[in-house]
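Please read the structure below before turning to the comments.
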Amino acid sequence: MRNIVFLSGAGISAESGISTFRDAGGLWDTYNVMDVCSAEAFRRNRQFVLAFYNKRRRELAGKAPNAAHRMVAELQREFPGRVLNITQNIDDLFEKAGCQGTVHLHGELTKARCETCGHIWSIGYADLVGTELCPRCGAARVRHHVVMFNEQAPEYTRLYEALDGLSADRGMLVVIGTSGLVLPVEEFARYAPYRVLNNLEPQEAIDDRVFSVHMYEKAGDAAPKIAELAHHFLSAGRGGLGGRRADIVF
Ligand code: NAD
């Protein structure tokens, strides 16, 4: 049975009012990445890094999902077990949209993690002040559950398994809102027989000739077209893109 894997980045949440990192006006215009998002920075100044993520978490509280998050949730409802959602994002907008089983490659802002025993739990939109105790082991080594630069990202295993599955099952990879600078999405796309890309504009790190379809527009505008394509793809039998060609361009 054919499956779809969605792989998204900060761009999918931009229309919901969450800053991307690298676009003009993005977070890196205000912060230096290695001062707030690296293992070294956290060792140097724990409070500063916790405060950065507290601010991001508070901003998240009032944010609502947009048409692109809802599109993924609707496809999951329509095609149970055949739409896997993988994101680099640490926000909770897919969950708010009703998505199930989202794989957060870089962690989740609304969760905390114990550095001593590894326990992970939900904290909603509350601040972490650095004196909290782990509810499981009692250690005072509680931190944000976000993968920073120079840290391990255990969920990448799930991504690699999903890519293998796409290759074996003639599946489709839909990439939305990522510059390809953190994850080599162009390389990943080669695993999938069908590949769709949606970004605001072409990115240096992504050779879009690798993709069968590219849509350079806001994710919210692309969402109905992606939904239509996904619907045809998942409804189709073997050996065709629902009567369409794999290199269809909208
Ligand atoms: P990025 O900031 O490097 O790139 C953003 C990409 O989104 C660009 O390719 C841009 O063309 C595209 N984009 C911008 N607005 C868009 C829109 N409305 N519709 C479609 N595409 C749009 O983001 P990245 O590649 O995800 O890498 C940054 C890292 O930062 C990731 O690890 C991510 O976890 C993290 N991050 C997450 C959030 C979040 O959770 N919402 C926000 C900022 C950064």
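Remarks
- Filtered residue count, the stretch 112-133, keeping only those that are within 19 Å of Ala39 (Cα to Cα) and either in the same structural domain as Leu93 (by TED's automatic domain parsing) or of a type in the set (A, V, I, L, M, F, W, C) (or both): 6
- Residue within the stretch 76-86 that is surrounded by 19 or more Cβ atoms within 10 Å (Cβ to Cβ) and part of a loop (DSSP other than H, G, I, E, B) present: no
- Contacts under 6 angstrom Cβ, first residue in the stretch 220-231 being in the same structural domain as Ala10 (by TED's automatic domain parsing), partner among the polar types (S, T, N, Q) and within 11 Å of the ligand (Cβ to nearest atom), 6 or more apart: Gly220/Asn66; Ala222/Asn198
- Residue match in the stretch 25-35 (condition: assigned to a helix (DSSP H, G or I) and modelled with pLDDT of 95 or more): no
- Scanning the stretch 108-128 for residues that are among the acidic types (Asp, Glu), under 17 Å from Ala140 (Cβ atoms) and without any contact (Cβ under 8 Å) to a residue 40 or more places away in the chain returns a single hit, Glu115.
- Counting only strands (runs of 3 or more DSSP E) that fall entirely inside the stretch 89-169 and contain at least 1 residues that are touching a helix residue (DSSP H, G or I) at 6+ places or on another chain (Cβ under 7 Å), the qualifying elements are 107-114, 142-146.
- Against the test of being touching a Ser or Thr at 6+ places or on another chain (Cβ under 8 Å), surrounded by 14 or more Cβ atoms within 10 Å (Cβ to Cβ) and not polar (S, T, N, Q), the options Val175, Val210, Val146 yield a single qualifying residue, Val175.
- Residues in the stretch 187-216 that are within 12 Å of the ligand (Cβ to nearest atom) and of a type in the set (Gly, Ala, Ser): Ala205 alone.
A quick yes/no check of all residues on (1) touching a Lys or Arg at 6+ places or on another chain (Cβ under 8 Å); (2) among the hydrophobic types (A, V, I, L, M, F, W, C):
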{"site": "Ser19", "(1), (2)": "no, no"}
{"site": "Cys37", "(1), (2)": "no, yes"}
{"site": "Arg43", "(1), (2)": "no, no"}
{"site": "Ala51", "(1), (2)": "no, yes"}
{"site": "His69", "(1), (2)": "yes, no"}
{"site": "Glu74", "(1), (2)": "no, no"}
{"site": "Ala97", "(1), (2)": "yes, yes"}
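The values are calculated or read from the model by the stated rules, or taken from the named source; none is laboratory data. Computed from a predicted structure; not experimentally measured. Note that each Cβ is placed from the backbone with ideal geometry, even for glycine, and that neighbours are counted across all protein chains shown.
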